[in-house]
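Heads up: the structure comes next, in structure tokens.
No value in this document is a laboratory result; all are computed from the given coordinates. Remember, it's a predicted structure, so these values are computed and weren't measured experimentally. Cβ placement follows ideal geometry from the backbone for every residue including glycine, while neighbour counts extend to all protein chains displayed.
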Amino acid sequence: MRLNRKDSKFEAIRLGQLQNGLSYALWPDSRDAVATLQIWVSVGSRDEANGKTGLAHMLEHLMFRGSATVPDGEFDRRMESLGAQVNAATWLDYTYYTTTVHAAALPEVLELEADRFAHLLITQEVFRAEREVVANERRQVVESDPESMMMERFYREIYGESCYGWPTIGWSDDIAGYRAEDAQAFHQEAYAPGRLFVSIAGAVDPSQTLALLERTLGGLTPRASVRPQREVALSESFCRTMTLPVAAPRVNLAWPTEGRRAPSFAVWCLLHDLLSGGDSALLPAALEVNEKLVLDVNASQYDHALPSLFEISATLRQGVGPERIRQAVDAVLMKLAASGPTEDDMVVAKTRLRAQDALSLAGTYARAEDLGESWIAFGDPLAGLRLRDEIVAVTAAEIRGLAHRMLHELPRYELVVLPTGSDEEA
Amino acid sequence: MIQIPRFDVALEPLPGMDRMVLSGGPSFGIVSIRIHFDHGTASEPDEVSGLLDVALTMLDRGTHRMPRLVLSRAFERLGASLGVRAFRTSWYVDLTVLEEYLDQALDLLLEYLTDAAFDAEELSDVLTEAEEEAETALEDPSGILARMNGPVLWSGTAWEHHPDGRVETRRRIKAEMLAPRMLEALGAKAVAGIAAEDPGRHATAVAGWMAKLRTLVPVNKSEKVRRPPIRTGAVSAARTRGGAQAALMLSAPAPSSLDENWDAIVLHNAAFGSGFMTPLVQRVRGKEGLSYGIGSTLVPDREESLFAVQCSPQGSKAAYTASVCLDAWERFVETPLTDTYLEQVKSYYLGTLLMRAETVRQRMGQAVQYVTSNRPVSELWEHPRRLSELDAPTVSGMASRYGFGTGSYIVVCALPKGISDPGWKRHFDALPREGVHLRRLR
């Protein structure tokens, strides 16, 4: 597979699949000081069931707590003794494990990775302690953060009981309820080689690294593990209000999108930049600078694999009501729908994206992540790099058409957050 | 043991007291510039603390020639973005730009820094917005904790105030104060950093830019403000707005970053709590699951550094968690390090240093920091080399040499509403409140 780009550095990327079904991409660059290894698993919170929410994330934590051959604490000790910086994350569609290390240590890192993917062992003692850690994480990252509480409610309202409707970290009751055996079974079911993708970026030799991959993760026993088809049920348009201990009211508006695999994704991406890609973009220019309605306003383009979301969120200035924000956002969209972005808006947005793109590829972590996210979302590690070219090709007419759809065709979700004890709450 | 390479980083003098750092490496068509000025908010009179921070915020609000939106659009058209930040003893401006537009971006940057409009109406808006944003920043416990540190650690001194000042002092700021303050800040001696594929190609342009700046604003000789000693034995507590989680910081003074044993002190801290294998993290998170985030840090300062442990336990377990952290610390300083463990710590720590120097931009930022502290850019690889040569008795010896674990701690906590305090009496001898010294009960 080759990139449709002239830049030779992208042509160095090597893609393939091991015999056990594990897919990989190598992005070597001898000028890097380190290498980043990421193992992406096509399992996220969408693969859980009601009553067991948060299990994918819980399993991510437990992956650091020992195997049949590496006792609890040893994984971290051995990784850190190699100078490795390790982390992991779980989201709706995926889980990934990332390690940045000097390239000479990759063989030992891959040995440890292969071991935990093959022989994870969850003891009751470890499970109990780690469940406390996760409960603390939920209280710290979600329950003590109004922004996260708001997003949890928003997703619940939009996706309802379907698989994007529960939080990736899980509901508190579920975290307290599941057992070590649940996590062990989840690992056995989902962490099969065919659902793994390895991306490595940095100062590595491609041939040696491929041989290393075959010797380590290539040893995982292949087994059938088909990701279950999940349906996402989207809500009809709604407008809800909630109260939280915030200092200023928030307004969140969202529209459903077709997700990353749809051809419209590039148009949504450019619209995102036109609306909030810089201080002079359309939303901050109108709402923050000219009308002084908000402390901040942002657009977010979520890249979920199943029907996704495009969101506009704003923190209101004192004395400004939510209705005024709706009007102001609609005015920006109506102008776009009527006359489209100006030529200058288009040129500036594409230049901003080009610069952000270059900055984002500066580190090995970001390059490995780009490949992994693309594999999860598109089934093609290079799709993210191609997307950049697709965005450049987006026309003003396509933006105009999308703005029209947002105003007249797509459902619209609205969540207003008011400070606890505010007059409007009463 | 990890070898940190000799990176492509060099220092060049500029006329006067300014200097320039060149950092080369893969940059994907972007040039990054940092101009670091040796002057910060600690030199501001108490009654107008936050003045520099406001002046820097006002730079975005337009120049005499270009209103706010025209200015931001002019930068964005070049693929350029800006960042400014004030600290207690320094401030900097960052510019990243597509390489082909560097010259135009530098011209704009000069206008941005030296010809700001400082319009009174815009100032009124900035101050109102800042007050509203300050309230928003206190929505979570860690935000509250961040604002509490200054008043607790350096009460009654210029260090007490956060670099963005206080609501009352910001209200006293007038538009006519901003231009003189900006001139004072720009007149401090500076280090210009360039990060690019081939930084030498841009050295002439950046040196020329610095020369233009110095024509407009010559170097002044402002005195460096020295940080006062940390006030120990204090406890400060604040209530959060909601939620169940607390934010907790336990800290103590540490030796100066110029101390002859600084490298050993850095490793001592790393061995206690900077990775998952350390006794602090193993005990608090691994064994008892008391906090998701937990770690110890050493904040360097040439007068007196700060050692701190931060975590976020459940509100009802905050006192117990504080007690466990202190216990872990006291046990750690009493137990000699083994050679094996120290070698593991060194590898981990050198790995973090390597990662922090991964990109050409990160290396430039660190080199600028070294030069500002009157150290050579070779510290990027010499500091790790010296660390790798230290042995276990030397590092362990830091505890007795500097009395680690025997002095007073400072406890700062943001506690949720509705959480009762009996835990504090059970593990300590009093309830946490402003100005009270807590003694830990064994």
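Simple spin-label estimate for A:CYS239 and A:ASP173 gives 3.2 nm between the two label positions (7 Å along the Cα-to-Cβ direction from each Cα). The slack between B:ARG147 and B:ASN261, meaning 0.36 nm per residue of separation minus the straight C-alpha distance, is 37.9 nm.
Our Cα-only numbers for the range A:98-159 put the radius of gyration and Dmax at 17.9, 49 Å. Of all DSSP beta bridges confined to chain B, the antiparallel ones make up roughly 80%. Find, to one decimal place in angstroms, the Kirkwood hydrodynamic radius of the range B:85-210, where the mean of 1/r is taken over every pair of different Cα atoms and then inverted. So the Kirkwood estimate lands at 17.6 Å. Semi-axes of the equivalent ellipsoid of the range B:236-296 are 27, 18, 7 Å, computed as sqrt(5λ) over the eigenvalues of the C-alpha gyration tensor in descending order. Using the alpha carbons alone, the radius of gyration of chain B stands to its Kirkwood radius in an Rg to Rh ratio of 0.99. Scaled against the 2.2 N^0.38 Å expected of a compact globular protein of N residues, the Cα radius of gyration of the range A:40-154 reads 1.15. About the centre of its Cα atoms, the protein assembly as shown shows a dipole size close to 960 debye [charges on the beta carbon of Lys, Arg (+1) and Asp, Glu (-1) only; nearest 20 debye].
Taking Rh as the Kirkwood radius computed over C-alpha pairs, what is the Stokes-Einstein D of the protein assembly as shown at 20 °C in a medium of viscosity 1.002 mPa s, expressed in µm² per second? The calculation lands on 74 µm²/s. The DSSP beta bridges internal to the protein assembly as shown are antiparallel in roughly 80% of cases. For the range A:374-426, the set of GluC sites (Glu not before Pro) satisfying both a DSSP loop assignment and a count of at most 16 other C-beta atoms within 10 Å is given as A:GLU409, A:GLU424, A:GLU425. Most tightly packed first, judged by the mean number of other beta-carbon atoms within 10 Å of their residues, the peptides A:265-272, A:217-224 read A:265-272, A:217-224. Note: the range A:238-419, Cα convex hull, 126 Å³ per residue.
For the range B:141-236, GluC sites (Glu not before Pro) are listed when DSSP marks them as loop and at most 14 other Cβ atoms sit within 10 Å of their Cβ; the list is B:GLU223.
Helices in chain A, meaning DSSP H runs of at least 4 residues, each add -39500 (n - 2.57). Divided by all residues, the mean residue ellipticity at 222 nm is -12500 deg cm²/dmol.
Computed from label points 7 Å out along Cα-Cβ, the spacing between A:ALA12 and A:ALA262 is 3.7 nm. Given their separation in residues at 0.36 nm each and the Cα-Cα distance between them, B:ASP198 and B:MET1 gain 67.9 nm when the chain is fully extended. With both labels modelled 7 Å from their Cα along Cα-to-Cβ, the B:PHE87 to A:THR221 distance reads 5.4 nm. For chain A, a simple Cβ point-charge model (Lys and Arg +1, Asp and Glu -1, everything else neutral) yields a dipole of about 800 debye relative to the Cα centre. I'd like the FRET efficiency for B:ARG356 and B:GLU12, computed as 1/(1 + (r/R0)^6) with the beta carbon distance as r and R0 of 22 Å, rounded to 0.05. Given R0 = 22 Å and the Cβ-Cβ separation, E is 0.40.
Note on the range A:8-219: Rg/Rh from Cα positions, Kirkwood definition for Rh, rounded to two decimals, is 0.99. Net charge in the neighbourhood of A:LEU282 (other residues with Cβ under 14 Å of its Cβ; Lys, Arg +1, Asp, Glu -1) is -4. Close amide H contacts of A:LEU309 (hydrogens built in the peptide plane, cut-off under 5 Å, sequence separation of 5 or more or a different chain): A:THR257, A:TYR302, A:HIS304. Pull out a ≥ b ≥ c, the square roots of the eigenvalues of the alpha-carbon gyration tensor of the range B:235-427, then state rounded if a/c is under 1.5, prolate if not and a/b is larger than b/c, and oblate in the remaining case. Prolate, because a/c is 1.5 or more and a/b exceeds b/c.
By the helix-only formula, in which each DSSP H run with n ≥ 4 contributes -39500 (n - 2.57) and the sum is divided by residues, chain B has a 222 nm mean residue ellipticity of -13000 deg cm²/dmol.
The alpha carbon radius of gyration of chain A, expressed as a multiple of 2.2 N^0.38 Å, is 1.04. The C-alpha atoms of the range A:120-208 occupy a region whose extents along the principal axes are 48, 32, 25 Å, arranged from largest to smallest. Ordering A:LEU282, A:LEU361, A:PRO263 by Cα displacement along the dipole of the range A:238-419 toward the positive end leaves A:LEU282 in first place; charges were set at the Cβ atoms of Lys, Arg (+1) and Asp, Glu (-1). As an exercise, use a Förster radius of 35 Å and the Cβ-Cβ distance of B:THR215 and B:THR157 to find the FRET efficiency, rounded to the nearest 0.05. Efficiency, rounded to the nearest 0.05: 0.45. As a length-normalised measure over Cα pairs under 8 Å and 6 or more apart, the relative contact order of chain B settles at 22 percent.
Would you please give the FRET efficiency between A:THR69 and B:ASP339, computed as 1/(1 + (r/R0)^6) with r the Cβ-Cβ distance and R0 = 35 Å, to the nearest 0.05? Taking R0 as 35 Å, the efficiency between A:THR69 and B:ASP339 is 0.85.
A compact globular protein would have a Cα radius of gyration near 2.2 N^0.38 Å; the ratio found for the range A:137-286 is 1.44. Extent along the principal axes, Cα only, for the range B:158-253: 55, 40, 30 Å, with the longest axis given first. Both numbers refer to the Cα atoms of the range A:323-426; Rg and Dmax are 18.7, 52 Å. Overall, the anisotropy analysis places the range B:1-46 in the prolate class: the square-rooted eigenvalues a ≥ b ≥ c of its C-alpha gyration tensor yield a/c not less than 1.5, with a/b exceeding b/c.
What does the charge add up to near A:VAL347, with Lys and Arg as +1, Asp and Glu as -1, over the other residues with Cβ less than 13 Å from its Cβ? Its environment carries a net charge of 0.
In percent, rounded to a whole number, the relative contact order of chain A is 21, using alpha-carbon pairs under 8 Å and six or more apart. A DSSP coil position with no more than 11 other Cβ atoms inside 10 Å describes none of the GluC sites (Glu not before Pro) in the range B:1-99. Listed cross-link partners A:LYS52/B:LYS425; A:LYS52/B:LYS287; B:LYS287/B:LYS346; B:LYS174/B:LYS221; A:LYS350/B:LYS174 are compared with a 28 Å cut-off, the Cα-Cα value being larger for A:LYS52/B:LYS425; A:LYS350/B:LYS174.
Local charge for B:GLU132 was computed over the other residues whose Cβ lies under 14 Å away, with Lys and Arg +1 and Asp and Glu -1, and equals -4.
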